Amino acid sequence: MSSTSQKHKNFVAEPMGDKPVTDLAGVGEVLGRRLEAAGFDKAYVVLGQYLVLKKNRELFQEWMKDACSANAKQSSDCYQCLSDWCEEFLNMVFMSQIEENDKKNLISQKFKSIYKQVEVNNCIPKKEMISIIDLIDSSNVIDTDKLLLLLYWCNNVTCLPVDRIKLAESLWIILTVCKNEHNFSIINLLKDMTHKKIYPNENTYEIYIKYYCMKGNINKALMLLHDMRKLKFSISKSIFDLLMLGYSQSGDIKNVNNILNIMKQYKLNATNETYAIIMYTYAKLNNIVKIKEIIKDSIKALSNIGLNNEHPQFESILRLILKHIINTKMVIEDIILFCNFTGNKEIFKKYFLISLYYSLKKDDNLSILLLKICKKYYLLRPHYFWPLLVRQANKYNVQGILNLLEIMINDFNILPCIDTITDYVLPFTYGKVIDIRKLLMKYKINETIINNSYVLFLLKKRKIAEAARYMQYFKGEYFYKIIAPDLRFSAIFKNDVLNFLYISCNVMENINPNSTLILSNKSSYTIFVSMDEQLHEFMIDFPSQKLWMMKIIKHLINYDINLKLETVNTICEYLDVNPNVKECSVNNVKKAQNVLNFISSILLDKLLKNL
C-alpha cells in the first residue's frame, strides 16, 4: 500500500457522525487529528482549526482548496476524497450557523411586527410574545437591546399580571444566559436600560434581587432594595421573605435579624411566616433555647394583643407555632403549657388535638404520650393509631406493628377494629394462616375480629374462593355490613356465583342498637341476613348487572332458596320481566317460588332466542 493511500485511510478513519456539530473546539480537535494523520503540514492544520473557531466560511473554503492541493498532489483520487470530505465537514460545521441565521431573520420579522403593534395599539397578543420567546435559544439570534425592549414590553401583553410576570421571568433567564452565560453586572444593565429609556419597575427589581439571592450576594440585593425605596417603589413582603430564606439556609441568624430590623424601618409588619423563618434558622443551628424564647414571646404577644378564638388568624397562628414546637422535638410539658396559655379548657382540648396531629406525622413516642393525655378528654378510636402503624409498615417492621397493637389494648383499652387488622396488619404479616391467627390471638386480638379481617382482606384482593374456604374452615360470626360491598365486587369480578351464595348465606348482622364495636367472640344479638335484603342492596348497587341476576336466580332455584314475593316482584322490575302473576296473601313463599321458576323459564327463552 502506498504512503498516500495509507494517509487517505488515516484521514477518513475517524467518523464525524451525522449530527450538526455545535462544540467548535471539539470539531477543531477532530479536524487537527485527521489532517495530521493524512500528513498535512502543521501550518495548514493550525490555520484550519483557527478558521473553524472563527466560523469564517469563505476563508475556510479557500483554505480547503489550498490544503487539498498542497497535500494530495500525488493522487487525484485522494484529492477528490479530501475535497469531498472537507465540503461535507464544512456543511456540518456551519449548519448550526445557517439555522441561527434563519432563526435570527424570523425573530427580526416578529420583533418588527410587535414593535408596530405597540406603537399603534399599545398592546401585544400573548401568543405573539410567546412565539418570539420560544425562538430565542442563544445570544447569537437576538441583540441585547431587542431583548431589553421585549422585557419592557411585557407590561403591554394582553394577559393576566401573573402571566406577564412569567413572560418577563423567561426573558430575564434568557438575558442572564446571554450576558456571559451566568454572571453579569446588574448595575451596568440598569444603566444601559436607563440610557435606552427603558425604565425598570417593581417586578424588574424583584427579579434582580432574586438573581442576587441565587448568587448568594445578599449585600447587593440590599442595595437594590435601598434603590427601590429611593424610587418610591412599593416593596412586597415576598422580597423580604426571599432575603430571609437566603440567610436562613446557611443558618445566618444575625442577618435574618438584620432583615427583620429593616422591615421595621420600612414599617412592614412581621407575619407568622416571618417568625417561622426565624425559628427555622434557630432549628438549623440547633438552638432550642432561642426557639423556646420565641414561643414564650409569642404566647405573651398573643395575650397582650387580646387574640381570641374568634379572631380570623387565631387558628392559623397557633397551628404554625404548634407545628414548629413538634418539629423541634420539645418536651411534652412545654406543649401542654402552650396549649393551655389562654386557660380556656375548650381551646386547650382543640389545640392539643392539633399538636397530636403534627406529632402523628413525625414522632411515635411523643404521639403515644399525647394520646394518653387526649384519652382524658376524647373517646379515642383505632384510627388514631393508623399513622403510627403505617410508619412501622413502611419499614416492614412486623414486631413494631404488634407492639402498637399491644399498646392499644393494654394502655388505652382500645380493641383494634377489623379495618385496622385488614389494612395495617395482615398485608405486612407473612406465614401460614393458622400461624398468623395464633400470633394475633397471642396479642389479645379476638377470633371474631381476626376472622372478619381475613375474609375482608381476601375479598379486597378479589380472592372470593379463598374467602369462602376460610369461612368453611374457621367457623364463626361473619358480619354482612363489613364484607358485603367487597363481596359483591369480588363475585362479579371473578364471575363466581356459587361462592357468592355460600358467603351470603353465612353472614350475620348485629341487632344490638348500643353496640359500636365487636368486643367478644360470641354475641346474643346476631342474626343471619336474609337473601331478600342482600338482593335488594345488590340491585341498588349494580343496576345494570341483569345477566348476573339471572345467574343468581338459576342457582337460587337449584338450591331451593326461598324469597319473599315482594323481593320477586322487585326482581321482575329489575329484569324488565312481567310474569302476570298477582300477589296473594296466602302461601306467598310458594307463590314466589313459582314466580321465580316462571321468570327463569322466560329468561331461558330470551337467551335461546338471542343465540
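Test THR429 against the stated conditions and say whether it is modelled with pLDDT of 90 or more and hydroxyl-bearing (Ser, Thr, Tyr).
No, not satisfied.
Exactly one condition in (1) over 36 Å from the mean Cα position of the chain (by Cα); (2) in a helix (DSSP H, G or I) is false for PRO427; which is it?
It fails just one condition, (1).
Return only the number of the condition from (1) at pLDDT below 80; (2) within 25 Å of PHE489 (Cβ to Cβ) that HIS536 does not satisfy.
Going through (1) at pLDDT below 80; (2) within 25 Å of PHE489 (Cβ to Cβ) one by one, HIS536 breaks only (1).
Within region 458-477, can you find the residues that are under 33 Å from the mean Cα position of the chain (by Cα), surrounded by fewer than 22 Cβ atoms within 10 Å (Cβ to Cβ) and in contact (Cβ under 8 Å) with a residue 24 or more places away in the chain?
LYS460, ARG462, LYS463
For LEU487, indicate whether it is within 25 Å of ILE445 (Cα to Cα) and either at pLDDT below 90 or assigned to a helix (DSSP H, G or I) (or both).
Here the answer is yes, as LEU487 does meet what is asked.
Being without any contact (Cβ under 8 Å) to a residue 40 or more places away in the chain and touching a helix residue (DSSP H, G or I) at 6+ places or on another chain (Cβ under 7 Å) is the filter here, so list the residues in region 434-454 that pass it. Show your work before the answer.
Initial filter on region 434-454 (without any contact (Cβ under 8 Å) to a residue 40 or more places away in the chain): 434-442, 444, 450-451, 453-454.
Within region 434-454, ARG437, LEU440, MET441, LYS444, ILE450, SER453, TYR454 meet the criteria.
Being modelled with pLDDT of 75 or more and surrounded by fewer than 16 Cβ atoms within 10 Å (Cβ to Cβ) is the filter here, so list the residues in region 242-260 that pass it.
The answer is LYS254, ASN257.
From the residues in region 369-422 that are basic (Lys, Arg) and without any contact (Cβ under 8 Å) to a residue 12 or more places away in the chain, which one is nearest to ASN451 (Cα to Cα)? Before you say what the answer is, go through the steps one by one.
From region 369-422, those basic (Lys, Arg) are 372, 375-376, 381, 391, 395; that's our starting set.
Going one step further and asking which of them are without any contact (Cβ under 8 Å) to a residue 12 or more places away in the chain, we end up with 376, 395.
Details: LYS376: 32, LYS395: 26 Å.
Looking at the filtered set, the residue picked out is LYS395.
Considering each residue of region 535-560, count those that are surrounded by fewer than 16 Cβ atoms within 10 Å (Cβ to Cβ) and either of a type in the set (Phe, Trp, Tyr) or touching a Cys at 6+ places or on another chain (Cβ under 9 Å) (or both), and give that number.
Matching residues across region 535-560 total 2.
Can you name the condition, by its number, that LYS300 falls short on among (1) more than 34 Å from the chain's Cα centre (by Cα); (2) modelled with pLDDT of 70 or more?
(2)
Applying the selection to region 341-393, what residues are closer than 20 Å to LEU404 by Cβ and assigned to a loop (DSSP other than H, G, I, E, B)?
Result: LYS361, LYS362, ASP363, LYS375, TYR378, LEU379, LEU380, ARG381.
The values are calculated or read from the model by the stated rules, or taken from the named source; none is laboratory data. Quick caveat: nothing in here was measured; it's all calculated off a predicted structure. Please note: Cβ atoms are built from the backbone with ideal geometry, for glycine as well, and neighbour counts cover all protein chains shown.
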